[in-house]
Amino acid sequence: MRADHAAALLSQAAGIVGDASARDRVEAISTRARERLLEVAVVGEFKRGKSTLVNALIERDVLPTGVLPLTAVPTVIEPGDEGCEVRFASGALEHHPLSEVARFVAEEGNPGNRLGVAVVTVRLHTPLLDEGVRLTDTPGIGSVLEHGTEATTAYLPNVDAAILVTAADPPISREETAFLDRVMEHAVRLFVVLNKADHLDPHELERARAFTEAVVRRHVADQDVKVYALSARSDRGDPSALASFRSDLKRFLVHEREATARASAHRGLRQVADGLRLAMDMEREALDMDAGRLAEATRAFEEARRRLAERTETDSARLEGARRAALRAYDDAVEAAAGEVTAEVRRRTDERIFALAGSSPVEMIETLRAERVDLLNDIAGPVGERAAAEALVTFARGAQDTARDVAGRLESLARSAAGSFGVELPDLTLDVPEPEVTKPAFTYVRPLALGDQAVFASWRLLGGRGVRRVRARALEEADEETAMYFGRLRGALGQQLSDDARRFAAALRRLQEGLECPLTEAVERATAAAAGSACRREERAAELQRAAGLVEEALAGLSDA
Ligand SMILES: Nc1nc2c(ncn2[C@@H]2O[C@H](COP(=O)(O)OP(=O)(O)O)[C@@H](O)[C@H]2O)c(=O)[nH]1
Ligand SMILES: [Mg+2]
C-alpha cells in the first residue's frame, strides 16, 4: 500500500474519533516525506571536471570551471527561486545573483578565502533539482575525507549518493580510493564517472575504464559499481555517454526518493496509528465503565502523566550536558595535540624567517602574517577537525541516550494507560529521532593585526639583534594565533551544538506529544461520552468501531509494505 493511502485512512479515522492533533500529525508526516531532498555529493580531486559535470547535470553553466577552488568552501545546489546565498563564517548571510558565484568560491575572486565564506548555496529550478535533489560540489576530496571512522560517522550518514569524478590522466588516486573505503562504511550509493573520455582513443578508454572499475570494485565490494566513461564538456566527446549517465542517475534518485520517503513516512504513520488505536480502545472501555471506575482510571492516568512531565523537564538539561561533554571532548583533543601544533607552527615560521633573510623587518612581519592563515589551516586545521568530529560524536551519543530515555518513559505511560483502562497494550512503534549533528561552518580569517610599523622599521638599525626581535615577535604572534584558531573553532562548534540540541529537543517533544496528546484527549472524550445518554454512548461506540476498522486497514497496509 502506498503511504498516502494509509495516511488518508488514518486522517479519516482521526476525523471520526475527533482527534485533530492526530490529523495534523498525519498531514505533517506526508508533507515532510514529500519535501525531503536527496543529498548527492560530487567528490574527486581538483580538476577532474566535477563542476563541469554538475553544470551538465543541471543543464546550466552556474558553477565556475577551470578555476582553482577554495578548499574550505563547498557549493550546494538545490531547487528554489533563482539566486545565490553566501553564508560567512561569522554567521552573516548575503544574497547575490547566480552570475556572482565565482566571486565567492574560487581562489581568484576570493584569495585565501579572505572574505571568510563558509558555504555558498545556489538555488534554481532545473528538471534534475526539481526531482527533489540537493547536489554538493565539494572543493576537493580532502574536505569529505575524515580522519578515522568515528569522525566520518558524524558526517556521511546524511549523504544518499556520492558521485566520484575521476579521469584517466592521472589515474584514480590514493585519496580517491580512501574515499571509496568511507563510502563502504556508510552504505552511501556510489556512482563513478571517468571523465574526459575525449582525451583517449576508444582502445585506451576501454582500458582506463576497466582499470578504474577493477580498483573501485576492490574497495567497494558490496555494490555493483559501474564506471561511466564520458565527457562532461558538452562540446567534447560522445554526448550519448553523458546522457546515459544522467538517465541512470535520475532513475536511481526517483526510486531512492520514493523508498526513503516511504520508509520514514511509514514509521511516523505507524506511530500515529498505534497511538490512535490505544486511544480508541481506552475510550471504548470507558464507555462501559461505571462513573466510579472511570474516575479511578482517569486519576491513575493523570498520575502517570504527571510523572512523565517531571522527567520531561530534565531532557533539556541532559542535552545541555551532552553539549558540554562534547566541548570537553573538543578541549581534551585540542589540548593533547596543542604542544605539537605550536611547535610545528613555530618550526615552519622559523623556516620562513630564514628564507626571508634579505627582507626588511616590516616586510618580514607582514609576509609572515599574510602566510599564517594557510599555515594554520595546514597544521591546526586537521587537528581542529578531528577534535570537532570527536565532539560531535560525543554529543550524538549523549543525545541518543536521552532519546532512549524518552522512548522508555512513553512506553511506560502507554502501559499504565492501558493498565488502568483494562485494554490490551498494543505493540507501539515509536518513531525515535536520530540526532542530526552538523559539522560547524568554520573558516579561519586573519585577525586584525595592530602592528607598530615604526618600531618594526627601527629594528632594521639593530642588525642581527633586529632579526632576533623580528623572530621573537613572529613566534609570539604565531603562538597567539594558534590559540585563537582553536578558540574560534570552539566558538563555532559551541554554537552549532546549541542549534543541534535545540532541534533535537524539539524532535523529542514532538515524539512525546505524538503519544501523550491522543491518550489525554481520549480520556477527556471518554469522560464526556460516559456522561451522555445510553443512546449517545451507543452511537459513539459505533463511531469508534468504524474508525478502528480504518486504523486496522491502514496498519495492515503499512505492515505489508
Ligand atoms: N577535454 C575535456 N575537458 C574537460 C572535461 N570536463 C572538464 N574539462 C576541463 O577540465 C578542467 C577542470 O574542470 P572543472 O570542472 O573546473 O574541475 P573541478 O576542479 O573538478 O571542478 C576545465 O578546464 C574543464 O573545461 C571533458 O569532458 N573533456
Ligand atoms: Mg570545481
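The values are calculated or read from the model by the stated rules, or taken from the named source; none is laboratory data. Quantities reported herein were computed from a predicted structural model and do not represent experimental measurements. Ideal geometry is used to build each Cβ from the backbone, glycine not excepted, and the neighbour counts take in all protein chains shown. For the accessible areas, the whole protein counts, side chains as well, though only heavy atoms, and no ligand, DNA or RNA atoms are used. Shrake-Rupley method; radii C 1.70, N 1.55, O 1.52, S 1.80 Å.
Please verify whether Leu375 is over 30 Å from Ala273 (Cβ atoms) and in a helix (DSSP H, G or I), treating the condition exactly as stated. Criteria met by Leu375.
In segment 79-106, the residues that are within 14 Å of Pro64 (Cβ to Cβ) and open to solvent by 20 Å² or more (accessible area, probe 1.4 Å) form Cβ pairs under 6 Å with partners that are within 16 Å of ligand 1 (Cβ to nearest atom) and of a type outside the set (Gly, Ala, Ser), at six or more places apart or across chains, as follows: Leu98/Val62; Ala102/Pro64. Can you find, within segment 43-74, the residue that is surrounded by the fewest Cβ atoms within 10 Å (Cβ to Cβ) among those that are near ligand 2 (Cβ under 9 Å from one of its atoms) and not in a loop (DSSP other than H, G, I, E, B)? The residue in question is Thr52.
Restricting segment 31-42 to residues that are among the β-branched types (Val, Ile, Thr) and surrounded by 20 or more Cβ atoms within 10 Å (Cβ to Cβ), the residue that is farthest from ligand 1 (Cβ to nearest atom) is Val40. Considering each residue of segment 25-42 in turn, none proves to be on the phi > 0 side of the Ramachandran plot and in contact (Cβ under 8 Å) with a residue 12 or more places away in the chain.
Candidates in segment 187-246 are the residues that are within 10 Å of ligand 1 (Cβ to nearest atom), of a type outside the set (A, V, I, L, M, F, W, C) and under 21 Å from Ala162 (Cβ atoms); of these, the one that is surrounded by the fewest Cβ atoms within 10 Å (Cβ to Cβ) is Ser231. Only one residue in Glu480, Glu513 is modelled with pLDDT under 85 and open to solvent by 70 Å² or more (accessible area, probe 1.4 Å). Which one? Answer to the selection: Glu513. For the residues Leu93, Leu63, the requirement of being at pLDDT 90 or above and within 17 Å of Val40 (Cα to Cα) singles out Leu63.
Matching residues to (1) closer than 30 Å to Pro518 by Cα; (2) open to solvent by 40 Å² or more (accessible area, probe 1.4 Å):
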| residue | (1), (2) |
| --- | --- |
| Pro361 | no, no |
| Pro382 | no, yes |
| Ala389 | no, no |
| Gln400 | yes, yes |
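Across segment 551-560, which residue is nearest to the chain's Cα centre (by Cα) among those that are of a type outside the set (Gly, Ala, Ser) and more than 14 Å from Asp19 (Cα to Cα)? Among those that are of a type outside the set (Gly, Ala, Ser) and more than 14 Å from Asp19 (Cα to Cα), it is Leu558. Would you be able to say whether some residue in segment 342-354 is under 19 Å from Ala474 (Cβ atoms), in a helix (DSSP H, G or I), hydrophobic (A, V, I, L, M, F, W, C) and at pLDDT 95 or above? Yes, because at least one residue in segment 342-354 is under 19 Å from Ala474 (Cβ atoms), in a helix (DSSP H, G or I), hydrophobic (A, V, I, L, M, F, W, C) and at pLDDT 95 or above. Which numbered condition in (1) over 27 Å from the mean Cα position of the chain (by Cα); (2) surrounded by fewer than 21 Cβ atoms within 10 Å (Cβ to Cβ) is the only one that Gln495 fails? So Gln495 meets the others, but not (1).
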